[in-house]
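Worksheet: the structure to be examined is printed underneath.
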Amino acid sequence: AQKITQTQPGMFVQEKEAVTLDCTYDTSDPSYGLFWYKQPSSGEMIFLIYQGSYDQQNATEGRYSLNFQKARKSANLVISASQLGDSAMYFCAMSDFNAGNNRKLIWGLGTSLAVNP
Amino acid sequence: DTEVTQTPKHLVMGMTNKKSLKCEQHMGHRAMYWYKQKAKKPPELMFVYSYEKLSINESVPSRFSPECPNSSLLNLHLHALQPEDSALYLCASSQDPSGSGSYEQYFGPGTRLTVT
């Protein structure tokens, strides 16, 4: 069965420093997608970044990059130059590419990030 | 424009009330989703609509009734809810992953529902 594991319930980082949020996944499917979402205390779930299992390069979106290590089944999110507004819950999620399953996201339990001034 | 809107933002209802949550997107997405989220937990999928047809019902109690009037709108009709149904209800949309593939889902701001 597919599974997402986020082992850091809470993290602290100093403003302007980089931080890595861990995500490992388990699947037997060769084709899948990995997602990171940010959820501030206001509640909205914000899409950050996507990595496909066949993508050769790590995904990047502005200050966000995904460190994809396929052999280790890890998809860590790196946030560079942290800002106070980055304080939020971060969820890692996965879906496989098979028709019927590809509408479902498997979610990790999340990591709560606090950015200190 | 990656905006999904939801109304109302907050809703308090009694266990005998009937109310509806509304969701709208204008991104041309053909898949729309309802999620329920409890505090400090990941979202739980409730329903998925694909091309205005219900494609996934995650064994949700019948007191929750979804409706997709057109490709831009998604409703969730609520009736005879229980206090344990109090949660954040999130709507999302995506390109429809019919066939194989995977697409990011864009979420609305949610409706915070309290059942008294």
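For the range A:19-27, does any single residue satisfy the condition of being of a type in the set (A, V, I, L, M, F, W, C), open to solvent by less than 70 Å² (accessible area, probe 1.4 Å) and within 14 Å of chain B (Cβ to nearest Cβ)? Checking the range A:19-27: at least one residue is of a type in the set (A, V, I, L, M, F, W, C), open to solvent by less than 70 Å² (accessible area, probe 1.4 Å) and within 14 Å of chain B (Cβ to nearest Cβ). Sub-6 Å Cβ pairs linking a first residue in the range B:44-60 that is closer than 17 Å to residue B:107 by Cβ to a second residue that is among the hydrophobic types (A, V, I, L, M, F, W, C) and not in a strand (DSSP E or B), at least 6 apart or interchain, are B:46/B:60, ordered by first then second residue.
Considering the range A:54-70, and only residues there that are of a type outside the set (Ser, Thr, Tyr) and outside any strand (DSSP E or B), the residue that is most open to solvent (accessible area, probe 1.4 Å) turns out to be A:56. Can you tell me which residues in the range B:58-79 are open to solvent by 40 Å² or more (accessible area, probe 1.4 Å) and either outside any loop (DSSP other than H, G, I, E, B) or farther than 27 Å from residue A:41 by Cβ (or both)? Across the range B:58-79, the qualifying residues are B:59, B:61, B:62, B:63, B:65, B:67, B:69, B:70, B:71, B:73, B:77, B:79. Picking from residues in the range B:9-32 that are closer than 16 Å to residue B:66 by Cα and open to solvent by 60 Å² or more (accessible area, probe 1.4 Å), the one that is modelled with the lowest pLDDT is B:30.
Going through (1) closer than 30 Å to residue B:9 by Cα; (2) without any contact (Cβ under 8 Å) to a residue 40 or more places away in the chain one by one, residue A:69 falls short only on (1).
Do the conditions hold for residue A:41, that is, is it more than 18 Å from residue B:43 (Cβ to Cβ) and either aliphatic (A, V, I, L, M) or within 14 Å of chain B (Cβ to nearest Cβ) (or both)? For residue A:41, the condition - more than 18 Å from residue B:43 (Cβ to Cβ) and either aliphatic (A, V, I, L, M) or within 14 Å of chain B (Cβ to nearest Cβ) (or both) - is not met. Pull up the range B:70-104, narrow it to residues that are touching a strand residue (DSSP E or B) at 6+ places or on another chain (Cβ under 6 Å) and facing chain A (nearest Cβ under 7 Å), then point me to the one that is nearest to residue A:33 (Cα to Cα). Only one residue tops the list, namely B:102. None of A:56, A:14 is away from chain B (no Cβ under 13 Å) and modelled with pLDDT under 95 except A:56. The residue that is farthest from residue B:23 (Cα to Cα), counting only those in the range B:80-116 that are assigned to a loop (DSSP other than H, G, I, E, B) and of a type in the set (Ser, Thr, Tyr), is B:100. With respect to residue B:83, is the statement that it is more than 20 Å from residue A:98 (Cα to Cα) and surrounded by fewer than 16 Cβ atoms within 10 Å (Cβ to Cβ) true? Yes.
The values are calculated or read from the model by the stated rules, or taken from the named source; none is laboratory data. All of these numbers come straight from a predicted model, not from anything done at the bench. Glycine also receives a Cβ, built like all others from the backbone with ideal geometry; neighbour counts cover every protein chain displayed. These accessible areas exclude ligands, DNA and RNA; they are computed on the full protein's heavy atoms, side chains included. Shrake-Rupley method; radii C 1.70, N 1.55, O 1.52, S 1.80 Å.
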